[in-house]
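First comes the structure, then the notes that go with it.
The values are calculated or read from the model by the stated rules, or taken from the named source; none is laboratory data. This one's a predicted model, so the numbers in the text were calculated from it and none came from an experiment. When we count neighbours, we look across all protein chains shown, and the Cβ atoms used for this are built from the backbone with ideal geometry, even at glycine.
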Amino acid sequence: MEPKSQRTKTILLVRAAYEVLALSGLAFELGTMIYKWAALPTVIPTHFGFSGQPDDWSSKKWLFLLPALTVLLYIGLTWLSRYPQKLNYPWRIAERNAARQYRVIGSLISLLKAELVWLFAFITWQAIRVALGQAAGLWIAFLPIFLVVIGGTVISYLYVASRDG
């Protein structure tokens, strides 16, 4: 088997793993909301400030918004990963590098999708825990960790995609 074919198989396996990760996050978010729905009070936290503490409360019906946004995000990023030629790139895409660039951006989008789905799942889970009195807010390091993870993913993509090999 030639190396290029093996590399393609590896990329497809990694992207499949990202897909499983994203779908499991979606299932966790929806499952948690459905399982805990009856136990929730009528008013729940609907916004968290930079400190991680809830700073707005609304009807528990608002809890449907996060999973709905997660599903839309999942669908949108899935579609986008299938049409990488529709994206803008920070460098010229030519015939000699197009296939590689499209594979790399597809992997980036798949990984970002998994990360963002789990972000929304975590926020939904924490909102439920706060509403039930099991937590005071989001974890204090939540925002910095989230920014480092997403930023690290994008920086890694820029590094890998900028190599012309």
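Looking at the range 4-14, is at least one residue of a type in the set (G, A, S) and either closer than 22 Å to W139 by Cα or more than 20 Å from the chain's Cα centre (by Cα) (or both)? Walk me through how you get there before you give the answer.
Of all residues in the range 4-14, those of a type in the set (G, A, S) come to 5.
Subsequent filtering for residues that are either closer than 22 Å to W139 by Cα or more than 20 Å from the chain's Cα centre (by Cα) (or both) retains 5.
Yes.
Among the residues of the range 134-165, write down those that are part of a loop (DSSP other than H, G, I, E, B) and surrounded by 11 or more Cβ atoms within 10 Å (Cβ to Cβ).
A135, A136, G137, L138, W139, I140
Confirm whether Y18 is under 28 Å from Q134 (Cβ atoms) and at pLDDT 90 or above.
Criteria not met by Y18.
Does the range 30-38 contain any residue that is more than 18 Å from the chain's Cα centre (by Cα), surrounded by 13 or more Cβ atoms within 10 Å (Cβ to Cβ) and at positive phi?
No, the range 30-38 contains no residue that is more than 18 Å from the chain's Cα centre (by Cα), surrounded by 13 or more Cβ atoms within 10 Å (Cβ to Cβ) and at positive phi.
Could you check, for the range 111-124, whether at least one of its residues is touching a strand residue (DSSP E or B) at 6+ places or on another chain (Cβ under 8 Å) and either surrounded by 17 or more Cβ atoms within 10 Å (Cβ to Cβ) or farther than 17 Å from F28 by Cα (or both)? Please lay out each step first, then the result.
Going residue by residue through the range 111-124, those that are touching a strand residue (DSSP E or B) at 6+ places or on another chain (Cβ under 8 Å) are 123.
From the residues that got through so far, the ones that are either surrounded by 17 or more Cβ atoms within 10 Å (Cβ to Cβ) or farther than 17 Å from F28 by Cα (or both) too are 123.
Yes: the range 111-124 contains one or more residues that are touching a strand residue (DSSP E or B) at 6+ places or on another chain (Cβ under 8 Å) and either surrounded by 17 or more Cβ atoms within 10 Å (Cβ to Cβ) or farther than 17 Å from F28 by Cα (or both).
Considering only the range 64-84, I want to know if a residue exists there that is under 19 Å from G106 (Cβ atoms), surrounded by fewer than 14 Cβ atoms within 10 Å (Cβ to Cβ) and aromatic (F, W, Y).
yes
Within the set of pairs 6+ apart or on separate chains, which have a first residue in the range 83-99 that is under 16 Å from S162 (Cβ atoms) and without any contact (Cβ under 8 Å) to a residue 40 or more places away in the chain, a second that is part of a loop (DSSP other than H, G, I, E, B) and not basic (K, R), and C-beta atoms under 9 Å apart?
These pairs meet every condition: R96/D164.
Anything in the range 107-165 that is within 30 Å of V43 (Cβ to Cβ), in contact (Cβ under 8 Å) with a residue 24 or more places away in the chain and among the small types (G, A, S)? List them, or say none.
Across the range 107-165, the qualifying residues are A121, A127, A131, A136, G137.
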